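Novice: Handing you a structure now.
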Amino acid sequence: MVTRNVSRLMTLFKKILARFFQPEFIFAVMALAAGTALVFVNGPFQAPDEPNHFFRAYQISEGRFFSERINNKAGDRLPASLPDAVYPFQNSPAHRSIKVERESLASALQAPLKEQEKMFVSFPNTAINFPLCYAPQAAGIYAARICGLSPLEMMYAGRLLSLWVWVLFMCAAIRLTPVFKWVMVLVGILPMHLYLAASLSADTMINGCAVLFVALVLRERFNPKSPLTPGKQGGIALLAAPLCVMKLVYAPF
């Protein structure tokens with residue numbers, strides 16, 4: 001009886017280990033740990049073009065998807081506290097000798113939004129990006145705004161939502177693909193991939209959709225027992241269409 005119970009426990013333990021040591025689970029643990037660290041270790045607005053991504057994501061969080069053009073500059077009327085939050089950190093990425101001061105960070109975290117005091121803010125390189133690129137970032141900023149948080153705290157909320165959605169897309173892709181699972185894990189934890197996912201960059205959503213699209217195609221290509229029905233074709237097309245709109249270079253792909 002004791003031997004039988006021990007055998008059952010060992011079998012159960014093996015099943016638990018097999019479930020938790022799946023590639024998608026391993027990836028989720030590593031990506032969330034490293035990505036969350038990057039969200040907070042990386043200084044405010046230090047990712048490429050992150051201030052302009054922040055302005056565009058905030059604009060979308062208010063339900064405005066189209067930008068204005070004033071004096072031949074594309075942008076929108078946003079709270080003046082947003083560029084004020086960016087200003088103390090705008091020179092840091094270009095100069096390695098400039099460090100983010102603790103006092104500046106603490107002051108910016110406490111600065112109120114002042115939503116009614118608006119001014120025209122120019123963000124020409126992100127104003128034309130498709131709104132879906134900023135869906136996670138805008139959701140995080142919207143939630144932070146509802147909670148009455150400061151502009152800098154909104155930036156961190158946008159980074160977190162961006163990371164979580166990207167990890168969800170990557171886990172779904174790793175689980176769906178019948179081949180190259182560990183290759184996708186390796187690609188997903190590359191430093192630059194994680195760095196972008198832990199920022200407000202529009203490429204985060206684009207990269208997640210692209211990897212998921214590849215996984216769906218590989219699943220149909222290497223699964224001969226399951227025919228490619230019109231429903232499956234429609235599902236792949238529904239993912240391919242917004243991917244092409246978000247970044248036109250993916251259209252031939």
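Novice: With r defined as the distance between the Cβ atoms of CYS244 and ALA172 and R0 fixed at 25 Å, what FRET efficiency is calculated, to the nearest 0.05?
Specialist: Once the sixth-power term is evaluated, E becomes 0.80.
Novice: Right, something else. Out of the trypsin sites (Lys or Arg not before Pro) in the stretch 98-132, which ones are loop residues according to DSSP with at most 12 other C-beta atoms within 10 Å?
Specialist: Filter output for the stretch 98-132: LYS99.
Novice: Separate question: Treating the angle as unsigned and between 0 and 90°, give the value, to the nearest 10°, between the Cα long axis of helix 230-246 and the longest Cα principal axis of the chain.
Specialist: Orientation of helix 230-246: about 30 degrees from the principal axis.
Novice: Next up: So what's the back-of-envelope 222 nm ellipticity for the chain, counting only DSSP H runs of four-plus at -39500 (n - 2.57) apiece and dividing by all residues, rounded to 500?
Specialist: -20000 deg cm²/dmol
Novice: Same structure again: Using a Förster distance of 30 Å, how high is the FRET efficiency between VAL183 and LYS99, based on the Cβ-Cβ distance and rounded to 0.05?
Specialist: Once the sixth-power term is evaluated, E becomes 0.20.
Novice: Gap in Å between the Cα centre of the stretch 169-213 and the Cα centre of the stretch 235-253?
Specialist: Between the Cα centre of the stretch 235-253 and that of the stretch 169-213, the gap is 16 Å.
Novice: With each pseudo-label sitting 7 Å past Cα toward Cβ, what's the PHE25-LEU228 distance in nm, one decimal?
Specialist: Distance between the two pseudo-spin positions: 3.3 nm.
Novice: Still on this structure: Which residue, PRO224, PRO112, PRO178, has the most motion in a Gaussian network model of the chain that connects Cα atoms within less than 10 Å?
Specialist: Per the Cα network of the chain with a 10 Å cutoff, PRO224 tops the list.
Novice: With a cap of 15 neighbouring Cβ atoms within 10 Å, and only residues DSSP puts in a loop, list the chymotrypsin sites (Phe, Trp or Tyr not before Pro) found in the stretch 52-89.
Specialist: Sites meeting the loop and neighbour criteria: PHE65, PHE66.
Novice: What is the set of long-range amide H partners of GLU68 at a cut-off below 5 Å, with H atoms built 1.01 Å from backbone N?
Specialist: Excluding prolines and chain starts, which carry no amide H, the hits are GLY75, ASP76.
Novice: Determine ³J(HN,Hα), in whole Hz, for all residues of the stretch 190-206 in sequence, where each value follows from phi through the Karplus function 6.51 cos²θ - 1.76 cosθ + 1.60 and θ = phi - 60°; x replaces Gly and Pro.
Specialist: Running phi through 6.51 cos²θ - 1.76 cosθ + 1.60 with θ = phi - 60° gives 4, x, 5, 5, 5, 4, 5, 5, 8, 10, 8, 4, 5, 5, 4, 5, 5 Hz.
Novice: Which loop-located GluC sites (Glu not before Pro) does the stretch 113-166 contain, where loop means any DSSP state but H, G, I, E or B and the Cβ has at most 15 other Cβ atoms within 10 Å?
Specialist: Counting only loop positions with at most 15 other Cβ atoms within 10 Å, the GluC sites (Glu not before Pro) in the stretch 113-166 are GLU115, GLU117.
Novice: So what J values fall out for the stretch 34-43 if you push phi through Karplus, 6.51 cos²θ - 1.76 cosθ + 1.60 with θ = phi - 60°, rounded to Hz, Gly and Pro as x?
Specialist: With the stated coefficients, the stretch 34-43 comes to 5, x, 5, 4, 5, 3, 9, 6, 5, x Hz.
Novice: So what is the relative contact order of the stretch 102-253, in percent, for Cα pairs below 8 Å that sit 6 or more residues apart?
Specialist: That works out to 24 percent.
Novice: If the only charges are +1 at each Lys and Arg Cβ and -1 at each Asp and Glu Cβ, what is the size of the charge dipole of the chain around the Cα centre, to the nearest 20 debye?
Specialist: That gives the chain a dipole magnitude of about 1240 debye.
Novice: Something else: Quick one: if you stick a label point 7 Å off each Cα along the C-beta vector at PHE253 and ARG221, how many nm between them?
Specialist: Calculated label separation equals 1.3 nm.
Novice: How far, in nm, would the chain grow between LEU190 and ALA106 when pulled straight, counting 0.36 nm per residue and subtracting the alpha carbon separation?
Specialist: Full extension of this stretch gives 27.1 nm more.
Values quoted throughout were computed directly from the atomic coordinates according to the rules given, and no laboratory measurement underlies them. Here the structure is a predicted model, which is why all the values come from computation and not from measurement. Counting neighbours? That spans all protein chains shown, and the Cβs are built from the backbone with ideal geometry, glycine included.
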